[in-house]
Amino acid sequence: MGIYRLITVGALVAGLAACAGDSKEAPSSDNGQCEGQGKNLLQDPGFETIGASRRERKWFASEHAAGQSFDYSASNGELLIEKTGAEPWFILTQSIARDEIPGERVVFSAEIKLDMQPPAIAHGFKQGGGLTVTAKANGKPVVRSLMDHEPHMGTTDWQPVQVVLELPKRVPSVRLGFIHQADGSISVRNPALKRVAKDDCSG
C-alpha cells in the first residue's frame with residue numbers, strides 16, 4: 001500500500017494539538033495485560049481503509065501546523081508512521097459513539113514497535129509514540145490518555161501496550177488512536193477496544 005498524507009484543520013486539530021498539555025488523565029495499566037471481553041469495538045483494526053476514499057475510511061490523520069512532516073502507510077495489518085519533517089506531532093484516530101460502548105469501563109490495547117529518538121528540533125510536547133484517547137463533554141476534555149504506558153520511546157521489538165479507561169456517562173463519543181511526537185518511527189498492529197468487567201483490571 002502506498003504512502004498517504006492527510007492534514008485536517010479546525011476542531012480536530014484544536015482538540016488534539018493540546019494533547020500534551022495539562023489534562024485529566026485516564027488510568028493506565030501496569031505491565032500485566034488486562035483481558036477485555038466481547039468483540040473488538042474498533043472499526044478496521046487491520047488498517048485496510050486508510051488509503052480509501054474519505055467516506056470509506058475509518059481512521060483519520062492530523063498533524064501539527066502546515067503538516068507534511070509525517071508519512072503513514074499500512075501493509076499486512078501493520079500501520080507505520082514515520083517522521084519526515086520538522087513539525088512536532090502526528091495523530092491517527094477514529095471516533096466511537098458512547099452508545100456503541102457497552103459499560104463504562106474499557107481497555108484500549110495494541111502491539112507497538114518503536115524506533116524513536118528525542119526530536120532534533122525541541123518542542124514542549126510529551127516525547128514518544130503510542131496510544132492516545134480523548135473524550136469531551138460540553139467542549140471540555142473529561143478523559144485524556146497520552147502514551148500512558150511503557151514503552152513509548154526508544155528502540156523495541158513488538159510490545160503489547162494498553163490503557164484501561166473509565167468513561168463518564170455524559171461523554172457523547174471517544175476518540176482514540178495512535179500518536180507520534182518524536183523523531184523516527186512507530187509501527188502498530190492488532191489494536192482493540194473491549195469492554196472490561198467492573199471488578200477486572202485495576203488500571
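The values are calculated or read from the model by the stated rules, or taken from the named source; none is laboratory data. Computed from a prediction, not measured in an experiment: that's the story for all the values here. Every residue, glycine as well, gets a Cβ built from its backbone with ideal geometry; the counts of neighbours run over all protein chains shown.
Observations on the model:
- Residue within segment 143-161 that is without any contact (Cβ under 8 Å) to a residue 40 or more places away in the chain, in a strand (DSSP E or B) and more than 21 Å from Ser73 (Cα to Cα) present: no
- Every residue from segment 73-118 that is polar (S, T, N, Q) and either in contact with a Ser or Thr (Cβ under 9 Å, 6 or more places away or on another chain) or outside any loop (DSSP other than H, G, I, E, B) (or both): Ser73, Ser75, Thr84, Thr93, Gln94, Ser95, Ser109, Gln117
- Of all the residues in segment 50-69, those that are closer than 21 Å to Val133 by Cα and surrounded by fewer than 15 Cβ atoms within 10 Å (Cβ to Cβ) number 1.
- Pair list, Cβ < 6 Å and 6+ apart or interchain, from segment 26-49 residues that are under 26 Å from Ala74 (Cβ atoms) and of a type in the set (Val, Ile, Thr) to residues that are in a loop (DSSP other than H, G, I, E, B) and modelled with pLDDT of 90 or more: Thr49/Glu56; Thr49/Arg57; Thr49/Lys58
- So Arg144, is it closer than 25 Å to Pro45 by Cα, modelled with pLDDT under 90 and surrounded by 13 or more Cβ atoms within 10 Å (Cβ to Cβ): no
- Candidates in segment 181-203 are the residues that are of a type in the set (Gly, Ala, Ser) and at pLDDT below 90; of these, the one that is farthest from Gln43 (Cα to Cα) is Ser202.
- Residue in segment 95-102 that is within 21 Å of Ala197 (Cβ to Cβ), touching a Gly at 6+ places or on another chain (Cβ under 8 Å) and not basic (Lys, Arg) present: yes
- Positions within segment 70-104 being crowded, with 21+ Cβ neighbours inside 10 Å and either touching an Asp or Glu at 6+ places or on another chain (Cβ under 7 Å) or among the aliphatic types (A, V, I, L, M) (or both), in sequence order: Phe70, Ala74, Leu79, Ile81, Lys83, Trp89, Phe90, Ile91, Leu92
- Test for Ile179: is it assigned to a strand (DSSP E or B) and in contact with a helix residue (DSSP H, G or I) (Cβ under 9 Å, 6 or more places away or on another chain): yes
- Within segment 119-141, not a single residue is in a strand (DSSP E or B), charged (D, E, K, R) and modelled with pLDDT of 90 or more.
- Output for segment 82-106, where each listed residue is within 15 Å of Asn40 (Cβ to Cβ) and at pLDDT 95 or above: Gln94
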